Amino acid sequence: MEIFDEYESEVRGYIRSFPTVFDKAVGSELFDEDGKRYIDFFAGAGTLNYGHNPERAVEAQIQYLKDRRIAHGLDKATVAKKEFLETFIEKILEPRKMEYKLQFTGPTGTNCTEAAMKLARQATGRNNIIAFTNAYHGHTMGALAATGNEAYRDESYGARGAVNFMPFDGFLGDIDTLYVFERYLEDKGSGLEKPAAVILETVQGEGGINVASSEWLQGLEKLCRKHEILLIVDDIQSGNGRTGKFFSFEESGIKPDLICLSKSIGGGNPMALLLINPEVDVWSPGEHTGTFRGNSLAFVAAKVLIDQYWSDDKLSSEVSRKAAIIMDTLKGLRDEFPSLNCRVKGRGLMVGIETPLDGFADEVSAAAFERMLVSETCGAEGHVNKLFVALTIEDDILKEGLDIFSEAFREVARKHV
Ligand SMILES: Cc1ncc(COP(=O)(O)O)c(C=O)c1O
């Protein structure tokens with residue numbers, strides 16, 4: 001690890017939680033440079049829904065490169081992009097009767113949320129955006145303004161754009177948080193500038209695995225329509241099948257004006273995509289650009305993976321089946337240690353266990369890593385152990401990983417009860 005310690009910036013993060021030099025990775029297994037095997041319950045923070053190096057995508061990408069087809073395309077027309085578009089429209093949009101234009105932004109999630117907020121401001125001529133408590137939308141300045149966690153919001157970073165926060169579903173216990181939002185919108189004395197848009201995750205990932213109910217989402221949509229506020233769903237972490245359906249909001253039936261996708265869409269390759277209600281697509285040509293918008297290898301992988309996993313409902317059923325197994329394990333741990341007041345949280349394969357004790361979740365994650373399981377924590381206080389498996393994880397590896405996690409959890413729990 002010396003070269004990293006000596007030469008890589010102090011900013012490095014995950015390398016500190018998982019201090020080994022990773023080399024190979026296949027499916028839900030990682031191998032370090034000494035060939036030691038780790039089970040992956042982290043999934044690249046939601047980037048590896050189809051596992052590491054999914055076979056068909058890898059083969060297609062190798063062939064694409066071998067044939068010397070265009071790798072860097074900016075936003076030029078390419079065969080790779082055309083084939084991705086055809087597949088995405090046929091397999092994802094049309095079956096859901098969704099009509100959207102597609103914008104390929106720079107390839108990270110934060111590029112996409114920035115573009116969404118900028119476009120919403122432009123389309124409405126308003127400046128203010130509503131984000132929700134515990135939201136996470138990325139680290140560029142516009143997106144950071146909409147990210148709640150105090151740890152990322154130091155004053156010295158410079159001025160953040162016009163964003164106000166409203167309470168997410170459940171943030172105020174039993175109080176109806178939409179009522180609060182509505183009061184702020186409707187009372188002329190509230191001091192709230194009428195927003196261009198609201199931006200939200202339907203299940204907050206980094207913010208602690210907080211799930212918005214379908215009713216809440218429907219109520220929010222209604223409120224947005226009533227006040228002519230655009231609705232942006234950031235499905236960067238919760239999309240691509242993570243909660244079961246391709247989009248996290250499908251069950252609720254809401255129709256966002258803008259949808260942000262990134263992470264798993266490219267099967268591990270950098271790629272981001274903004275879906276735009278055509279009425280809101282007020283960009284002028286070249287107005288929002290970026291050098292790495294057309295990552296051909298990501299298009300190739302994305303096309304293959306959509307064909308493979310979204311031509312039928314099998315993956316969605318697998319998510320429900322595996323989610324039940326994980327939930328059972330976590331609920332078992334919660335019930336084993338009632339005095340810890342744990343809460344099991346999540347939807348689909350976006351799950352976690354919250355233990356309201358400072359440092360506890362980090363200790364569990366470290367104890368799991370000692371046993372060769374990679375898993376992270378989340379939440380503003382770092383209280384949640386987040387179990388993010390690939391949607392394609394094999395049953396035996398899932399079981400092995402859950403056994404390791406349970407052992408680590410029990411070891412730490414016994415010190416605290
Ligand atoms: C919901 C959500 N939005 C935006 C982002 C930012 O994506 P990126 O880290 O690729 O910029 C993330 C990253 O974790 C995320 O979870």
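Exactly one residue out of 360, 369, 299, 337 is surrounded by 16 or more Cβ atoms within 10 Å (Cβ to Cβ), under 21 Å from the mean Cα position of the chain (by Cα) and aromatic (Phe, Trp, Tyr), and it is 299. The selection criterion, being free of Cβ contacts under 8 Å to residues at least 12 places away in the same chain, surrounded by 15 or more Cβ atoms within 10 Å (Cβ to Cβ), touching an Asp or Glu at 6+ places or on another chain (Cβ under 7 Å) and not assigned by TED's automatic domain parsing to the domain that holds residue 258, does not hold for residue 42. Summed over the range 371-417, residues that are among the acidic types (Asp, Glu) and assigned to a loop (DSSP other than H, G, I, E, B) total 2.
So which residues in the range 186-222 are more than 13 Å from the ligand (Cβ to nearest atom), buried (at least 18 other Cβ atoms within 10 Å of the Cβ) and outside any loop (DSSP other than H, G, I, E, B), if there are any at all? 197, 198, 211, 216, 217, 219, 220, 221 - these are the residues of the range 186-222 that are more than 13 Å from the ligand (Cβ to nearest atom), buried (at least 18 other Cβ atoms within 10 Å of the Cβ) and outside any loop (DSSP other than H, G, I, E, B). Across the range 3-25, not a single residue is classified as closer than 21 Å to residue 309 by Cα and either touching a residue at least 40 places away in the same chain (Cβ under 8 Å) or in contact with a Pro (Cβ under 6 Å, 6 or more places away or on another chain) (or both). Of all the numbered requirements in (1) free of Cβ contacts under 8 Å to residues at least 24 places away in the same chain; (2) within 16 Å of the ligand (Cβ to nearest atom), residue 134 misses one, and that requirement is (1). Screening the candidates 45, 57 for the property of being under 26 Å from the mean Cα position of the chain (by Cα) and on the phi > 0 side of the Ramachandran plot yields one hit, 45.
A count restricted to the range 138-185 and to residues that are of a type in the set (Ser, Thr, Tyr) and either touching a strand residue (DSSP E or B) at 6+ places or on another chain (Cβ under 6 Å) or assigned to a loop (DSSP other than H, G, I, E, B) (or both) stands at 2. Kindly evaluate residue 59 against the criterion of being outside any strand (DSSP E or B), among the acidic types (Asp, Glu) and within 17 Å of residue 260 (Cα to Cα). The answer is no for residue 59. Does at least one position in the range 1-24 carry a residue that is in contact with a helix residue (DSSP H, G or I) (Cβ under 9 Å, 6 or more places away or on another chain) and under 24 Å from residue 314 (Cβ atoms)? No, every residue in the range 1-24 fails to be in contact with a helix residue (DSSP H, G or I) (Cβ under 9 Å, 6 or more places away or on another chain) and under 24 Å from residue 314 (Cβ atoms).
When residue 149 is tested against the conditions (1) over 26 Å from residue 379 (Cβ atoms); (2) within 15 Å of the ligand (Cβ to nearest atom), the lone failure is (1). Being within 16 Å of the ligand (Cβ to nearest atom) and of a type in the set (Ser, Thr, Tyr) is the filter; apply it to the range 96-112 and report the residue that is farthest from residue 44 (Cα to Cα). Step by step, filter the range 96-112, then rank; the result is 105.
When 66, 82, 118 are checked against the criterion of being assigned by TED's automatic domain parsing to the domain that holds residue 281, within 16 Å of the ligand (Cβ to nearest atom), out of contact with any strand residue (DSSP E or B) (no Cβ under 8 Å at 6 or more places or on another chain) and among the basic types (Lys, Arg), a single residue qualifies: 118. Residue check: is residue 334 over 14 Å from residue 242 (Cα atoms) and in contact with a Cys (Cβ under 6 Å, 6 or more places away or on another chain)? Spelling it out, residue 334 is indeed over 14 Å from residue 242 (Cα atoms) and in contact with a Cys (Cβ under 6 Å, 6 or more places away or on another chain).
Listed here are the residues, each with its yes/no results for (1) within 16 Å of the ligand (Cβ to nearest atom); (2) in the same structural domain as residue 205 (by TED's automatic domain parsing); (3) within 30 Å of residue 411 (Cβ to Cβ); (4) not small (Gly, Ala, Ser).
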| position | (1), (2), (3), (4) |
| --- | --- |
| 257 | no, yes, no, yes |
| 290 | yes, yes, no, no |
| 339 | no, no, yes, no |
| 348 | yes, no, yes, no |
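Just to be sure before I move on: is residue 319 away from the ligand (no atom under 16 Å from the Cβ), assigned by TED's automatic domain parsing to the domain that holds residue 91 and not in a loop (DSSP other than H, G, I, E, B) in the structure I sent? The answer is no for residue 319. Filter the range 223-245 down to the residues that are within 16 Å of the ligand (Cβ to nearest atom) and either surrounded by fewer than 22 Cβ atoms within 10 Å (Cβ to Cβ) or closer than 28 Å to residue 382 by Cα (or both) and list them by number. Hits for the range 223-245 are 232, 233, 234, 235, 236, 237, 238, 239, 240, 241, 242, 243.
Can residue 303 be described as of a type outside the set (Asp, Glu), more than 24 Å from residue 355 (Cα to Cα) and in contact with an Asp or Glu (Cβ under 7 Å, 6 or more places away or on another chain)? Yes: the conditions hold for residue 303. State whether one or more residues within the range 82-96 are assigned to a loop (DSSP other than H, G, I, E, B) and of a type outside the set (Val, Ile, Thr). No - not one qualifying residue is present in the range 82-96.
The values are calculated or read from the model by the stated rules, or taken from the named source; none is laboratory data. Computed from a predicted structure; not experimentally measured. Every residue, glycine among them, receives a Cβ derived from its backbone with ideal geometry; neighbour counts consider all protein chains shown.
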